[in-house]
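Down below is the structure, laid out as structure tokens.
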Amino acid sequence: MKYVSASEVLPENLLREIQNYIQGKTLYIPVPKGCRKKWGHDSGQHEFLLNRNAEIRKLFRQGMNVDQLASSYCLSHDSIKKIVYKTQA
């Protein structure tokens with residue numbers, strides 16, 4: 001998480017009001033409800049895993065077995081089973 005100085009982004013009157021409650025400490029201001037992004041959307045990790053899992057399912061349908069996929073993708077046997085046997089929503 002990147003920290004930003006409140007004095008750089010807040011108007012002076014708001015900064016003084018906040019200083020009535022807290023000074024010299026780190027303050028986290030959460031994103032409003034309904035505006036939060038789901039895990040991995042900013043970093044691209046979510047998309048990467050969706051694509052990887054689709055590829056694993058495709059290879060499984062083409063005949064690769066669970067042990068081969070586990071070795072190929074450096075995942076556990078159980079992780080591969082969860083990916084290939086999961087019903088798509």
Checklist entry - When the residues of the stretch 64-89 are filtered to those that are in a loop (DSSP other than H, G, I, E, B) and over 16 Å from Leu49 (Cβ atoms), which remaining residue is least open to solvent (accessible area, probe 1.4 Å)? => result Met64
Checklist entry - Of the residues His41, His46, which is assigned to a loop (DSSP other than H, G, I, E, B) and either at pLDDT 95 or above or surrounded by 10 or more Cβ atoms within 10 Å (Cβ to Cβ) (or both)? => result His41
Item to check | Filtered residue count, the stretch 49-58, keeping only those that are in contact (Cβ under 8 Å) with a residue 12 or more places away in the chain and either open to solvent by 60 Å² or more (accessible area, probe 1.4 Å) or of a type in the set (Lys, Arg) (or both) | outcome: 2
Next on the checklist: Looking at Arg61, Arg16, can you tell me which residue is over 30 Å from Lys2 (Cα atoms) and either at pLDDT below 95 or open to solvent by 70 Å² or more (accessible area, probe 1.4 Å) (or both)?
Outcome noted: Arg61
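The values are calculated or read from the model by the stated rules, or taken from the named source; none is laboratory data. The structure presented is a predicted model; accordingly, all values stated were derived computationally and were not measured. Because the Cβ atoms are built from the backbone with ideal geometry, glycine has one as well, and the counts that use them run over all protein chains shown. For the accessible areas, the whole protein counts, side chains as well, though only heavy atoms, and no ligand, DNA or RNA atoms are used. Shrake-Rupley method; radii C 1.70, N 1.55, O 1.52, S 1.80 Å.
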